[in-house]
Amino acid sequence: LGFELPKEKYGGRIKEVAIGATKEQGGTRSRRLVAGGSNGLAFHSFESESPHKPLVVMDVVDTVRMVPERLQESMGSAVNDPVEWARKCEGEWGADACVLKLQSANPEEEDRSAEELESLTKKVLESVGLPLLVYGCGFEEKDAKVIEAVSNAAKGERLFLGLAEEKAYKSIAAASMANGHGVVAFSNLDINLAKQMNILLLDFGMKPENIIMDPLMAALGMGLEYSYSNIERLRLGALSGDPVLQMPMICDCSCAWNVPEATEENPDRGQAELRGIYWEAMTAYAAVVAGADIVIMRHPRAVGMFRDAVADLSGGA
Amino acid sequence: MPSPTFQEVRDVPTAMEIYKLLPKKNCGECKLPTCLAFAMQLANQKVSLEACPYVSPEAKSALEESGAPPIRLVTFGAGDKAAQVGDETQLFRHDKTFYHPTVLGLIADDAEGIDAMKAKIDAAHAAEFERVGQMLRVDSVAIRHSTGSADDFVEAVKIAAARELPVVIMCEDAAVAAKAAEACADRKPLLYRATPANLDQMAELAKGKSLPLVIGGTSSLEELSQMADKAKKAGVTDMVLEPGDGSAGMVLENLTAIRRAAVKSRFRPFGYPTAMVLGASTSDHMKAALGVMKYSSIVLMEELPREMLYPLLALRQNVFTDPQVPIQVKPGLYAVGEPTEKSPVMFTTNFSLTYFTVRADIEKSKLPAWLLVVDTEGQSVMTAFAAGKLTPESVAKAIEDEKLKEKNTREEIIIPGMVSRMSGKLNELSGLKVSVGPRESSGLPKMMKSLSG
């Protein structure tokens, strides 16, 4: 009646995807990151190998309009200036990479031009050595222009451009293919849609090693359970050998700060700022326990909490 | 999916296997003509083995064993707030569901003195939050004997046992634990814990008082399985396994191994719920989150700061939501901000996610509004519309039921852009002007600002 640890062996493996290019690789980044590579469930080191730790990409939003007030107070004045914000991420806050979210392109709000945003991206690239992801504002026509300009201006840097969606992916895919960048493929909380999105990009001519999947991370209390199970299913599908699901996953956990109950004043639920930090850290933690390879986060203290927890999961600091 | 379902792994014996174990007297006392007929009904779980007066004790235990659930359901505490743990059948919640939410307990240690312990007992009982119609709470109080006096310890156990929450008696000295158990055996406390050093005494105590017992303090899972086996042979029926501490990675490995062994391999010594005991550091808080997601039935913690507790309870609620049954909010007319009879009115469905998203977007406008939540049995706008659960009729009925026209004189309702097709009919039925809102609720602040401007 002896006990034997029941181990699982899977046939599939997550593809390794490189983000950013150093001088030798044709860019100007100080490092190249690699995501993915695992052949088992997250942190199951007793039966599988995961050559790369989960990456933390920190948010840089180019308009304070999109930064929740609680976060503005908590993170200080850097949030008013994307260049300064990116510098903080690289220095003090220890991000692996940044995602520059060009929300000010929004034609119904600031409506900043592609040229302005191209020069902002250049400035960020000059100011920090971190690999960079660049997202548009979500308006298809405008994003086509903005992302194309950004892509051209950052040739060779191996940015990841986003978000490619089922109804709007061609311009982003074309912009990335033209200059050696990658693409973040977004799908709305559904394993079949995630697969469909990857197929569309592959059919369009993109190489799998240039695709990262964003299966939509719903924050804690806002449907986290749907995302948690969706990520688990995506990961199991990839491990069981479906090549179209073997791209690394990125989960944007910055949404935790948009959850009212995470940040509203309610002394019964403890101090609001710290509650928000736990909210984000636990959202990101759930994402990687389910199988995410990369998380996008906002608050430096949540990042610290998350990193310690991941080190603990990886077998000690 | 690579994970087999419960039905596939559950080795329920066939009718022929059962028949071999029956007395084959064909006496008919079970109300079935033959033993074979009885065996067939048993295999389909239509009758109970109790109906056979002649079955041998050996056959009985063999049959009960093979028909038992992969993880035993263990109850501790008494009354409405008794804690139930175990009886899980899945490795992944999407394969069916997780049934029994992780029980959270607050530890009161006698090193802190009796007053501090009393304060903690109070604190555990006070930690309750309402969230989407459910009460979220700390579920138990653990009284721990460490360096304080045994008398204080027993006194605290008594005080805790007189309250509603289930009690965990944390004491490895079997004599002291016996005193504490004596004081509250009728409240069915959980005994913590049998270790390799005190297994015999603790097993005897648990058996004598019919109390559930935590097994732990081992250096390996192999040793833990041997102890569980030994405790079972000593007559302990309800056990909880504590695979030991270490890094979060180790915790994940151990809990995964136990769950897999129980559910997939039907390894009997691990067919019990699990527990972990944590300290008060931030890394312990994150380990608690891990325990909730990855198979810990009970998590006992030294401190439960509310900034951490509330998100942790929300996480537990999320993870233990049945994937087939969406969380719903109560249908009705909700005030966002402090709306007046002139404030705009909009509607959405009672799927909690939809409601929260819409509400948050309205709040972003910083303008007051009325939000009418229509009962769609927890479906989102598009799903409910497609399924005929969100119709002009159901919206008109909600307007009527909530007496909207008495509370608001605007005579207008904003409808989700996705269901613009119901505009005409809704106008006809309700008599209200129907304005089509944005397709995504993120567009609401802009629309509301233009309405007020």
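The values are calculated or read from the model by the stated rules, or taken from the named source; none is laboratory data. What you see is a predicted model; the values in this text were computed from it and never measured. Note that we place each Cβ from the backbone using ideal geometry, even for glycine, and neighbour counts take in every protein chain shown. Accessible surface is based on the protein model in full, side chains and every heavy atom, while ligands, DNA and RNA are left aside. Shrake-Rupley method; radii C 1.70, N 1.55, O 1.52, S 1.80 Å.
Can you tell me how many residues in the range B:225-248 are touching an Asp or Glu at 6+ places or on another chain (Cβ under 8 Å) and closer than 27 Å to B:Ser283 by Cα?
Qualifying residue count, the range B:225-248: 2.
Identify, please: which residue in the range B:107-126 is free of Cβ contacts under 8 Å to residues at least 24 places away in the same chain and among the aliphatic types (A, V, I, L, M) and is, among those, farthest from the other protein chains (Cβ to nearest Cβ)?
The qualifying residue farthest from the other protein chains (Cβ to nearest Cβ) is B:Ala116.
From the list A:Glu109, A:Glu118, which one is modelled with pLDDT under 95 and among the charged types (D, E, K, R)?
Matching residue, one of A:Glu109, A:Glu118: A:Glu109.
What helices (runs of 4 or more DSSP H) completely inside the range A:215-317 contain at least 2 residues that are more than 10 Å from every other protein chain (Cβ to nearest Cβ)?
Of the helices (runs of 4 or more DSSP H) lying wholly inside the range A:215-317, those with at least 2 residues that are more than 10 Å from every other protein chain (Cβ to nearest Cβ) span A:224-239, A:272-290, A:300-313.
For A:Thr28, which of the numbered conditions (1) among the β-branched types (Val, Ile, Thr); (2) under 14 Å from the mean Cα position of the chain (by Cα); (3) open to solvent by 30 Å² or more (accessible area, probe 1.4 Å) fails to hold?
Only one criterion in (1) among the β-branched types (Val, Ile, Thr); (2) under 14 Å from the mean Cα position of the chain (by Cα); (3) open to solvent by 30 Å² or more (accessible area, probe 1.4 Å) is unmet by A:Thr28, namely (2).
Just to be sure I understand the filter: pairs with C-beta atoms under 8 Å, separated by 6 or more residues or on different chains, first member in the range A:2-30 and away from chain B (no Cβ under 14 Å) and β-branched (Val, Ile, Thr), second member open to solvent by 40 Å² or more (accessible area, probe 1.4 Å) and part of a strand (DSSP E or B). Which pairs pass?
Pairs that qualify, where the first residue is away from chain B (no Cβ under 14 Å) and β-branched (Val, Ile, Thr) and the partner is open to solvent by 40 Å² or more (accessible area, probe 1.4 Å) and part of a strand (DSSP E or B), are A:Val17/A:Val34; A:Ile19/A:Val34.
Out of all the residues in the range B:166-200, which are out of contact with any Pro (no Cβ under 8 Å at 6 or more places or on another chain) and either assigned to a strand (DSSP E or B) or buried (at least 24 other Cβ atoms within 10 Å of the Cβ) (or both)?
B:Met170, B:Cys171, B:Ala177, B:Tyr192, B:Arg193, B:Ala194
If I filter the range A:44-58 for residues that are of a type in the set (Asp, Glu), more than 14 Å from chain B (Cβ to nearest Cβ) and under 27 Å from B:Leu290 (Cα atoms), do I get at least one hit?
no
Residues to consider are A:Gln72, A:Gln103; find the one that is in contact with a Phe, Trp or Tyr (Cβ under 9 Å, 6 or more places away or on another chain) and either crowded, with 19+ Cβ neighbours inside 10 Å or under 23 Å from A:Met305 (Cβ atoms) (or both).
After applying the criteria, what remains is A:Gln103.
Exactly one of (1) open to solvent by 70 Å² or more (accessible area, probe 1.4 Å); (2) not in a helix (DSSP H, G or I) is unmet by B:Asp115. Its number?
(2)
If we scan the range B:319-333, do we find a residue that is open to solvent by less than 40 Å² (accessible area, probe 1.4 Å), in contact with a strand residue (DSSP E or B) (Cβ under 8 Å, 6 or more places away or on another chain) and more than 19 Å from A:Gly223 (Cα to Cα)?
Within the range B:319-333 (the criterion being open to solvent by less than 40 Å² (accessible area, probe 1.4 Å), in contact with a strand residue (DSSP E or B) (Cβ under 8 Å, 6 or more places away or on another chain) and more than 19 Å from A:Gly223 (Cα to Cα)), the answer is yes, since at least one residue qualifies.
Can you find a residue that is within 14 Å of another protein chain (Cβ to nearest Cβ) and either touching a Lys or Arg at 6+ places or on another chain (Cβ under 9 Å) or within 30 Å of A:Arg307 (Cβ to Cβ) (or both) anywhere in the range A:111-128?
Among the residues of the range A:111-128, at least one is within 14 Å of another protein chain (Cβ to nearest Cβ) and either touching a Lys or Arg at 6+ places or on another chain (Cβ under 9 Å) or within 30 Å of A:Arg307 (Cβ to Cβ) (or both), which makes the answer yes.
In the range B:361-393, which residues are among the hydrophobic types (A, V, I, L, M, F, W, C), without any contact (Cβ under 8 Å) to a residue 12 or more places away in the chain and open to solvent by less than 50 Å² (accessible area, probe 1.4 Å)?
Across the range B:361-393, there are no qualifying residues.
Within the range A:53-68, does at least one residue satisfy the condition of being in contact with a His (Cβ under 8 Å, 6 or more places away or on another chain), in contact (Cβ under 8 Å) with a residue 12 or more places away in the chain and not β-branched (Val, Ile, Thr)?
No; the residues of the range A:53-68 include none that is in contact with a His (Cβ under 8 Å, 6 or more places away or on another chain), in contact (Cβ under 8 Å) with a residue 12 or more places away in the chain and not β-branched (Val, Ile, Thr).
Run down A:Ala164, A:Ala154, A:Ala218, A:Ala149 and say which single residue is hydrophobic (A, V, I, L, M, F, W, C) and in contact with a Gly (Cβ under 9 Å, 6 or more places away or on another chain).
A:Ala154
Output yes when any residue across the range B:139-156 is open to solvent by 10 Å² or more (accessible area, probe 1.4 Å) and under 18 Å from the mean Cα position of the chain (by Cα), and no when none is.
Yes, because at least one residue in the range B:139-156 is open to solvent by 10 Å² or more (accessible area, probe 1.4 Å) and under 18 Å from the mean Cα position of the chain (by Cα).
Go through the range B:305-359 residue by residue and tally those that are at the interface with chain A (Cβ under 7 Å from one of its Cβ atoms), among the aliphatic types (A, V, I, L, M) and under 21 Å from B:Met418 (Cα atoms).
Count: 1.
Of (1) under 16 Å from the mean Cα position of the chain (by Cα); (2) outside any loop (DSSP other than H, G, I, E, B), A:Lys53 satisfies all except one. Which?
Condition not satisfied by A:Lys53: (2).
Does A:Leu133 satisfy the criteria of being aliphatic (A, V, I, L, M), part of a helix (DSSP H, G or I), touching a residue at least 60 places away in the same chain (Cβ under 8 Å) and within 24 Å of A:Val310 (Cα to Cα)?
When the stated conditions are applied, A:Leu133 does not pass them.
Would you say B:Arg163 is at pLDDT 95 or above and either assigned to a loop (DSSP other than H, G, I, E, B) or over 25 Å from the mean Cα position of the chain (by Cα) (or both)?
Against the criterion (at pLDDT 95 or above and either assigned to a loop (DSSP other than H, G, I, E, B) or over 25 Å from the mean Cα position of the chain (by Cα) (or both)), B:Arg163 qualifies.
Any residue in the range A:72-90 that's over 25 Å from A:Ser30 (Cα atoms) and hydroxyl-bearing (Ser, Thr, Tyr): show its pairings with residues that are open to solvent by less than 60 Å² (accessible area, probe 1.4 Å) and assigned to a helix (DSSP H, G or I) at Cβ separation under 7 Å, as long as the two are six or more apart or on different chains.
Final answer for the pair search is A:Ser74/A:Glu273.
Pick from the range B:244-264 the residues that are out of contact with any strand residue (DSSP E or B) (no Cβ under 7 Å at 6 or more places or on another chain) and away from every other protein chain (no Cβ under 11 Å): which of them is most open to solvent (accessible area, probe 1.4 Å)?
So, considering only residues that are out of contact with any strand residue (DSSP E or B) (no Cβ under 7 Å at 6 or more places or on another chain) and away from every other protein chain (no Cβ under 11 Å), the one most open to solvent (accessible area, probe 1.4 Å) is B:Asp245.
Could you run through the range A:268-317 and say how many residues are among the β-branched types (Val, Ile, Thr) and within 11 Å of B:Thr282 (Cβ to Cβ)?
Residues in the range A:268-317 being among the β-branched types (Val, Ile, Thr) and within 11 Å of B:Thr282 (Cβ to Cβ): 1 in total.
Restricted to the range B:281-302, and to residues that are more than 9 Å from every other protein chain (Cβ to nearest Cβ) and open to solvent by 10 Å² or more (accessible area, probe 1.4 Å), which residue is nearest to B:Gly246 (Cα to Cα)?
B:Asp284
Pick from B:Phe129, B:Phe153: which is within 14 Å of chain A (Cβ to nearest Cβ) and among the aromatic types (Phe, Trp, Tyr)?
B:Phe129
Applying the selection to the range A:257-278, what residues are surrounded by 24 or more Cβ atoms within 10 Å (Cβ to Cβ) and within 20 Å of A:Cys89 (Cα to Cα)?
A:Trp257, A:Gly276, A:Ile277, A:Tyr278 - these are the residues of the range A:257-278 that are surrounded by 24 or more Cβ atoms within 10 Å (Cβ to Cβ) and within 20 Å of A:Cys89 (Cα to Cα).
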